[in-house]
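Peer 1: Below are the structure tokens for one structure; questions will follow.
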Amino acid sequence: MPPPIVVLIAVSALNPLALNMLVPSMPGLERAFATSYATVQLSLSLYLIAVALAQLILGPLSDRHGRRPVMLAGMALFLVGTAACLLAPTIEAFILGRVVQGVGSCAGLVLSRAIVRDVYERDRAASMIGFVTMGMAVAPTLGPALGGALDEQFGWRAPFLLLFAVGVAVLAGTWATLNETRRPGQSEGGLAGHLGAFAVLARSRDFVAFAVSSMLVSGVFFAFLGGIPYVMQKLLGAGARETGLYLMWLAAGYILGNFLSGRYATRFGVIRMMAVGNVIGLGAVTGALLLHLAGYHHPVAIFAPMTWLGIGNGIALPSTIAGAVSIRPDLAGAASGLTGTLQIGFGALVTVFMGALLGDSALPLFLTMATLAAGGLVAGLAARAAVR
């Protein structure tokens, strides 16, 4: 029996909620812990690295032991990490808590995709992933605004108190409603079997094309996430609350893109949806770059095109992910984990890069995003050629 869609949405939402709720508070954390912006940004970068590496383990583990036990363990670990952040006396303890939080939250991120692939064939899986990610996109829509408002009103610990309460509710709901979906015959090897699964996938030209496209398209978003708090609050003089509210534009676009993916992926197929989304994303980033070069240095000149970036990514990413996990259905967990690792690991590197690159201008941010968007389009075309 397929799990309730609301359960998949809930477990998927924990990761982006924990990621995005912190973003408006980063300058505030810099002041609270009397440290540098680059050090605070490590809480974002190391969170992403933890998510990336954990996916390499959790995906294959779920192929061997089942989706349900691995999912429940991840949700419990998320609560441990959130509590550690909430009680952290130093920036070092806070960063450690974020790492634990990232490992736990990625269980929902990677296993929700594998569960969908367990139950549905490829094009139908792309449609269902679109609906799941449309729902989970509500988290980054509300997360920055909630995080910014709570930070300004009660301090940086308040968002983590809310995250802990949400985590308890999600764990309880998962325990009560999530059934096992792993089918007999899926990978059950040990460590050697897990590594072998990655090797098999890495030798597949089809898988590599889909995974690299997913990595680069996601990299555009992570570049923006790593650079926009600095641009908004240090270059444009906005506050945490205002930054969070503007970030809702991007998330709203992503929700619309996910809706379109869920509505039309079955009709048009993953290849066409991926191409359309990538073209929209590249056009949006190019528009933001041109507005900046023309001297329009205002949040609206940034976030209006970024809304279209959200639409493009929302259309493209469900199809790239569905394509990647459908190459070898018997290795769906490993494929989901490896794809997610490439997405999040590359995103972590991009955020570190943006922290080092930004100075007195936002131009490096837009140039980086445009380069990644162009690469994502090229990789998407390669994926199209690979499956023909």
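Peer 1: Which whole-number percentage describes the relative contact order of the chain, with Cα contacts under 8 Å and a sequence gap of 6 or more?
Peer 2: 28 percent
Peer 1: Hey, of (1) 112; (2) 148; (3) 140, which did the structure itself give for volume of the Cα convex hull per residue in Å³ when calculated?
Peer 2: The value matching this structure is (1).
Peer 1: Full extension from Leu293 to Ala76: what is 0.36 nm times the residue separation minus their Cα-Cα distance, to one decimal in nm?
Peer 2: The span from Leu293 to Ala76 would gain 73.4 nm if fully extended.
Peer 1: Show me, bin by bin at 10 Å from 0, the whole-percent P(r) of region 335-388 based on Cα pairs.
Peer 2: The calculated distribution, bin by bin, is 20, 40, 29, 10, 1.
Peer 1: How would you rank 155-163, 342-350, highest first, on the average number of other Cβ atoms within 10 Å across their residues?
Peer 2: Taking the mean over residues of other Cβ atoms within 10 Å, the ranking is 342-350, 155-163.
Peer 1: Sum -39500 (n - 2.57) across every DSSP H segment of at least 4 residues in the chain, then divide by the residue count to get the 222 nm mean residue ellipticity, nearest 500.
Peer 2: Per the formula, -29500 deg cm²/dmol.
Peer 1: Sorted by packing (mean other beta-carbon atoms within 10 Å per residue), highest first, where do 34-47, 225-238, 353-366 land?
Peer 2: 225-238, 34-47, 353-366
Readers should treat all values here as calculations from the given coordinates under stated rules, not as data from a laboratory. Since this is a predicted model, take the numbers as computed values, not measurements. Note that each Cβ is placed from the backbone with ideal geometry, even for glycine, and that neighbours are counted across all protein chains shown.
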